[in-house]
Amino acid sequence: MFTRLMTAAALTAFAFPVIAQQHTPEAQLFDALGMDDMLEVMREEGIAYGMQIDQEMLGGSGGRDWRATVELIYDSERMKTEVSAELAAEMAGMDIAPMLDFFTSDLGQEIITLEVSARRALLDEVVEAASKDAAAIASAQETPRFLQVQRFADVNDLIETNVVGGMNSNFAFYMGLMEGGALNGDISEEQILTDVWSQEADIRQNTQDWVYSYSLLAYQPLSDNDLDAYIAFSESAAGQDLNRALFAAFDGMFEDISFALGRASATYMISQEL
């Protein structure tokens, strides 16, 4: 359920939602899904991405001030607040009981632990490279486990939804640059859209590589029967509802983050010119 790419992704402040305050089914599901731990890993991914922006767009001149800005954008509590609020809104009227039944089971909790652990492991560039190499070999050989993971990705529409989310986040980043004044009115919104669409093939390839390498790493300890059980849940009405709700909740957060990163980048770029 957590095969969501970290993209160029800042946050809108919300009043802390009911989902995080009370022992509602939504709050129980939030906890069962290990959302706090997953968001902490995503924060680490985001800070690393912010440092990449410093090198590629700011010439490495951002220093401590830029890092502090990035850490503020990826504030843990605000990330949790936004995702929990969005998820609560998306899940309004849904039957949460079967979701809780699955993810509070021994298998469900094992899956969440594996997903978070794999995501954290991929913060290490050596592990990430080895994982991608292993996934490329498994794909070329069409191993039974690769085909199983491919089915999981298809059932959850992981490739297409991540591609769309990545493109939306990239567009939001450009819009942040524009609002921050870094583009000097030299580029229109239509030109930005054209540029983002020109990145679609690369985003799709990167998405495929990441989804398969992550999934193969995360679910390696599961038996075929256990992974089939996860796929079966994903195919169910409850699984499909939860998948759509999670993507919608995270996409909103990533777009907010992307916009804020773009705007912050513009501020630093302009200050360098003065």
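Points to keep in mind about this one:
- Residues of the stretch 61-77 that are out of contact with any Gly (no Cβ under 9 Å at 6 or more places or on another chain) and either under 14 Å from Gln28 (Cα atoms) or buried (at least 20 other Cβ atoms within 10 Å of the Cβ) (or both): none at all.
- Restricting the stretch 131-151 to residues that are among the aliphatic types (A, V, I, L, M) and exposed (fewer than 15 other Cβ atoms within 10 Å of the Cβ) leaves a set whose member that is nearest to Glu235 (Cα to Cα) is Leu147.
- Helices (runs of 4 or more DSSP H) within the stretch 53-132 that include 2 or more residues over 30 Å from Leu177 (Cβ atoms): 97-103, 106-121
- Residue in the stretch 222-244 that is within 18 Å of the chain's Cα centre (by Cα) and open to solvent by 60 Å² or more (accessible area, probe 1.4 Å) present: yes
- Residue that is at pLDDT 95 or above and at negative phi, where the choices are Ala8, Ala13, Ala68, Ala27: Ala68
- For Val155, the requirement of being modelled with pLDDT of 95 or more, open to solvent by 20 Å² or more (accessible area, probe 1.4 Å) and closer than 26 Å to Phe233 by Cβ is met.
The values are calculated or read from the model by the stated rules, or taken from the named source; none is laboratory data. From a predicted model like this one, the values you see are computed outputs, not experimental measurements. Because the Cβ atoms are built from the backbone with ideal geometry, glycine has one as well, and the counts that use them run over all protein chains shown. Remember, those area values only see protein heavy atoms, side chains included, never the ligands or the DNA or RNA. Shrake-Rupley method; radii C 1.70, N 1.55, O 1.52, S 1.80 Å.
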